[in-house]
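Q: Can you keep this structure in mind? I'll have questions shortly.
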Amino acid sequence: MRASVKRRTKTQQDVQPETADVAEDVSDRIRATLAKAISEGALKPGSKILEDAIADHFGVSRTVVRGALGILEHDHLLERKRNRGSFVAAPSIEQAKELFEARRTMERLILELALGRASDADCDRLNAIIDREDAIHHGTDEKAKAELSGEFHIELARISGNGVLTELLEKVVARLALVMTLYEHEHHDDCGTDHHRAILDAVREKDLKRALHLMDEHLADVEGRVRLTQDHGDRHTFEAMLASFSPQ
């Protein structure tokens with residue numbers, strides 16, 4: 001009897017960490033899936049997050065789902081509304097301005113660090129990203145175009161060697177995808193590919209002054225595509241609602 005009890009206790013102890021690991025792995029996949037859908041515009045600002053559907057799809061409890069949603073809320077990609085659930089965040093005009101300001105500041109510091117540390121292999125990797133951007137932007141795959149969001153800039157941040165700045169930039173770029181969805185009035189497919197190539201040339205030549213000037217121009221171009229007025233944001237939200245509820 002005692003031996004049986006000991007074996008059963010040991011089995012329970014073995015299963016519990018495994019179950020926790022599985023839940024954590026699924027939680028990560030839920031977060032990654034929703035973050036990707038948000039960044040690519042598949043989930044629009046104001047869209048309700050259906051916890052039951054997520055739980056059924058991933059085969060987990062709603063507790064696990066809520067844990068994943070809580071992290072996305074902490075990253076300001078989702079908003080939890082009392083007694084209503086979680087929704088894709090809709091950044092305010094003030095938040096949009098602050099995000100653009102934060103990005104300008106970080107990108108300049110990242111560029112300065114990257115320029116001093118970039119190897120030929122790093123530059124070749126950036127060039128490969130730009131070539132892929134060119135190929136995709138000349139194609140018709142809209143999903144692939146959306147997936148390019150910020151890739152050049154995130155890779156530049158990795159080259160800078162500062163993990164904190166890289167993580168912060170990833171979060172800012174993700175939130176700016178929501179800003180563009182809400183407030184963009186002049187849509188561009190190319191997302192500054194020519195600018196990226198010019199910036200890379202300056203990085204290869206170790207010309208910091210020119211690289212910073214080009215980055216400033218590039219980010220100003222991106223900001224110039226949005227109209228930060230409440231009416232414009234409301235219109236985009238309303239149009240998203242019409243697209244969701246209109247018969248196909």
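Each value in this text was obtained by applying a stated rule to the coordinates, not by laboratory testing. Fair warning: this is a prediction, and the values are worked out from it, not measured in the lab.
Q: Please turn the phi angles of the stretch 167-177 into ³J(HN,Hα) values with the Karplus equation 6.51 cos²θ - 1.76 cosθ + 1.60 (θ = phi - 60°), one per residue in order, whole Hz, x for glycine and proline.
A: Residue by residue, the stretch 167-177 yields 4, 5, 5, 4, 5, 5, 4, 4, 6, 5, 4 Hz.
Q: Report ³J(HN,Hα) in whole Hz for each residue of the stretch 89-95, in order, from the Karplus equation J = 6.51 cos²θ - 1.76 cosθ + 1.60 where θ = phi - 60°; Gly and Pro get x.
A: Result, rounded to whole Hz: 5, 10, x, 6, 4, 5, 4.
Q: Check which residues have an amide H placed less than 5 Å from Val226's amide H, if you skip close sequence neighbours.
A: Those lying under 5 Å, H to H, from Val226 are His185.
Q: Do any of Lys36/Lys209; Lys44/Lys206; Lys36/Lys206; Lys36/Lys97 go past 31 Å between their Cα atoms, and which?
A: Numbers: Lys36/Lys209 34 Å; Lys44/Lys206 40 Å; Lys36/Lys206 34 Å; Lys36/Lys97 23 Å.
Over 31 Å apart, Cα to Cα: Lys36/Lys209; Lys44/Lys206; Lys36/Lys206.
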